[in-house]
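K.L.:
Before I ask anything, let me first share the structure, which is written out below as structure tokens.
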């Protein structure tokens, strides 16, 4: 077997090795059923227990109050870009968005198919190097939408924006889910593709406050309504069994680790190593994100020449650091260090970057 | 490890043991990348190769002509129930459906959100015990829709209905995909959840003739259009990587086996064992489906008393035959014997049913 690499790709992303090893071990026989989890019917008691255990674990680890429903859906956050306005639109009320770059921009585009969209704040003029600071959502908004973390730019909300009491705040947390302690009650809806911070690609988490489920009009197709799946506990039709199972194993692991407080501690330590290297490099490495908007999950930086950038990516690759090339719209480098990235991996990368600087400055 | 059972559930369904064993073996290191396939970015060359190999294999095994696009999507056939009318509607033209029971009925329900639906044939009056024989789609229809196999009733089209040249025939093949040789050119669109005949739950196959992609109106959300994904080879956003990978391994296995001709031969042999038991049981077992509509994939039958039905399910379970209980809307028993069910499993079940009859009649 090839030596395990440190995977800094922006997603799908690394998973905890013990989780992968457990899945491999159980692969041919799920819970003594004599079937692989890949083969088991979603109408069996064994599946049902796993499905519900995953929900309960998530509720426990994230501190999700009883008035919220947890859904395992398909189609990624990109599907939620249209599901959110489809379910939360209110005729005559604007849907308000903050534009923090690519993914937020895509969410805005989809909402426009459903009605009046107001972009209340944007950092586009500054090339999305930060999240807007003064955000004022209207009292009359149908809902308010933000993108919690912006993978491409490496920016992140440092605190959640204020939102009028009656206006549900909706957050795409695909890239910062369970990254740090937070109060779920701040939000009406949280959604996230699993493939960065929770599990593999193929399952999408939606956490929705129950009172919001009654807004959806009757004249949209059955599977475009969250209500269809909340009424059936995400079992209206065949769920993505294996992806949910992998999330369950990840959640078991996170709980054992100490839950979100411990994950947050590690995340701050990890991000600290890299930002320290950048900040003490005398401009050899230049952070892309403004310091007041820096992400714990995606550390973005550029260098003085494209040659140096290519060289660091190549030498890094040879040392087992993969996925360091930045998104083409920003250039430079990006280290995605989601929940499952080991501290050791980031520490090694920081050491490598320090040595690289000494050898190349 | 528990002894491997014979899984007769209607889906998710059994997978070939060699396929599972290969996935287990490769689980921690995909193609020498030092990452699990569950972790690998969909933007890597290694992923790209696998993704395209899976498409090429499918095209080869099913004989899909060049003018068709193959998509790996999410959301199951249930999502295609609304995607089909969303993409193929033509203002002023009726969408024509054949109602062969539950799943066809659900597809009809979703089409009604998009326009005028005409049910041109239905076997509802006969409790869906057969597929309608005389089906006349109109020349002026936007498209014609059928459900190839009906899992709940155990009925199946024995030959594809005629359809006017200009009208694309659309088929939900979730439960009879690659079951037997067929001419893809008969169809404008074929769609199927993978979890019965191809792979695990979590990926949906859509095969669409290219000229049909231009019908879709511009005013529907990006991910509700097939065109979004055909333009990006199903990589517009993160695909369900692992589910596609499992399909790829299954397709490798099917090819090695001899492709669809060999699968068809086995499927006919398997179904033959069970229908023989039913037909020679002097009414002890009573087939639900009319003989002229019998499915190769789901063999449905009832018995003279509920007590006997419970008894056969229980005794079967003790012998390692799981999932034999029929759908609640039909009652009785159902043996789902999809492509990956070994001949040996069906033969053993047939023997068990014969002995059970002798002991209980």
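K.L.:
Under the convention of a label 7 Å out along Cα→Cβ, give the distances in nm from residue A:256 to the same position in every other copy, shortest first.
P.N.:
For residue A:256, the other copies' label points sit at 3.3 nm, shortest first.
K.L.:
Just the number, please: percent antiparallel of the DSSP beta bridges in chain B, rounded to the nearest 5.
P.N.:
DSSP beta bridges in chain B are roughly 55 percent antiparallel.
K.L.:
Sort shortest first the distances from residue A:63 to its counterpart in every other copy, using label points 7 Å along the Cα-to-beta-carbon line, and give them in nm.
P.N.:
6.2
K.L.:
Looking at the protein assembly as shown, send over the antiparallel percent of its DSSP beta bridges, to the nearest 5.
P.N.:
55 percent
K.L.:
Go ahead and collect, in residue order, the members of region A:37-76 whose backbone nitrogen is under 16 Å from a label point 7 Å along the Cα-Cβ direction of residue A:185.
P.N.:
Correct set: A:62-69.
K.L.:
Next up: Can you give the average number of partner chain beta-carbon atoms within 10 Å of each beta-carbon in peptide A:38-48, as a whole number? Walk me through the numbers before you get to the answer.
P.N.:
Numbers: counts 15, 14, 9, 12, 5, 7, 4, 0, 0, 1, 0.
If you average over the peptide's residues, the count of other-chain Cβ atoms is 6.
K.L.:
Take the alpha carbon gyration tensor of chain B, find the square roots of its eigenvalues, order them as a ≥ b ≥ c, and report rounded if a/c is under 1.5; if not, report prolate when a/b exceeds b/c, else oblate. Intermediate values should be presented prior to the final figure.
P.N.:
On the way: a/c = 2.13, a/b = 1.19, b/c = 1.80.
Oblate, since a/c reaches 1.5 and b/c is not below a/b.
K.L.:
Listed highest first by mean packing, meaning other Cβ atoms within 10 Å per residue, what order do A:142-154, A:295-307 come in?
P.N.:
Working: A:142-154: 27.2, A:295-307: 20.9.
With the highest mean Cβ count within 10 Å placed first, the list reads A:142-154, A:295-307.
K.L.:
A further question follows. Taking 1 over the mean of 1/r across every pair of different Cα atoms in the protein assembly as shown, what Kirkwood radius in Å do you get?
P.N.:
Numbers: mean 1/r = 0.0372 Å⁻¹.
Radius from the Kirkwood sum: 26.9 Å.
K.L.:
Can you give the mean number of other chain Cβ atoms that lie within 10 Å of the Cβ atoms in peptide B:190-200?
P.N.:
For this peptide, the per-residue mean of nearby foreign Cβ atoms is 2.
K.L.:
Label-point separation (nm) for residue A:355 and residue B:138, each offset 7 Å from Cα along Cα-to-Cβ?
P.N.:
7.5 nm
K.L.:
Compute the distance from the alpha-carbon center of region B:116-189 to that of region A:93-135, in whole Å.
P.N.:
If you average the Cα positions of each part, the centres end up 45 Å apart.
K.L.:
Same structure, new question: Hey, for residue B:280 with labels 7 Å out along Cα-Cβ, what do the inter-copy distances come to in nm, ordered shortest first?
P.N.:
Result, one decimal in nm: 8.3.
K.L.:
So, one more: Be a star and scan region A:337-361 for residues whose amide nitrogen sits under 11 Å from the point 7 Å along the Cα-to-Cβ vector of residue A:304.
P.N.:
Correct set: A:360-361.
K.L.:
Tell me, in nm to one decimal, what length is gained between residue B:109 and residue B:46 on full extension, where the rule is 0.36 nm per residue of separation less the Cα-Cα distance?
P.N.:
18.6 nm
K.L.:
Can you give the FRET efficiency to the nearest 0.05 for residue B:255 and residue A:317, using r as the Cβ-Cβ distance and R₀ = 45 Å?
P.N.:
Result of the calculation: an efficiency of 0.85.
K.L.:
Right, another one. Quick one: if you stick a label point 7 Å off each Cα along the C-beta vector at residue B:166 and residue A:124, how many nm between them?
P.N.:
About 4.3 nm, to one decimal.
K.L.:
Decide, for region A:1-90, between rounded, prolate and oblate: order the square roots of the alpha carbon gyration tensor eigenvalues as a ≥ b ≥ c, take rounded if a/c falls under 1.5, and otherwise choose prolate if a/b is larger than b/c, else oblate.
P.N.:
Oblate, since a/c reaches 1.5 and b/c is not below a/b.
K.L.:
Kindly identify region B:284-344 as rounded, prolate or oblate by the Cα gyration tensor criterion: order the square roots of the eigenvalues as a ≥ b ≥ c, call it rounded if a/c is under 1.5, otherwise compare a/b with b/c, prolate if a/b is larger, else oblate.
P.N.:
Since a/c reaches 1.5 but b/c is at least a/b, the shape of region B:284-344 is classed as oblate.
K.L.:
Also, I was wondering about something else. Of all DSSP beta bridges located in region B:120-191, what percent are antiparallel, nearest 5?
P.N.:
20 percent
K.L.:
Okay, moving on. For a quick check, take a GNM of chain B with Cα springs below 10 Å and name the residue from B:197, B:339, B:52 with the largest mean-square fluctuation.
P.N.:
Highest fluctuation among the options: B:52.
K.L.:
Can you pull the mean other chain C-beta count within 10 Å for peptide B:220-230?
P.N.:
The per-residue average across the peptide is 4.
Quick note: the coordinates plus some simple rules give every number you see, no bench work behind them. Since the model is a prediction, treat every value here as computed from it, not as a measurement. Note that we place each Cβ from the backbone using ideal geometry, even for glycine, and neighbour counts take in every protein chain shown.
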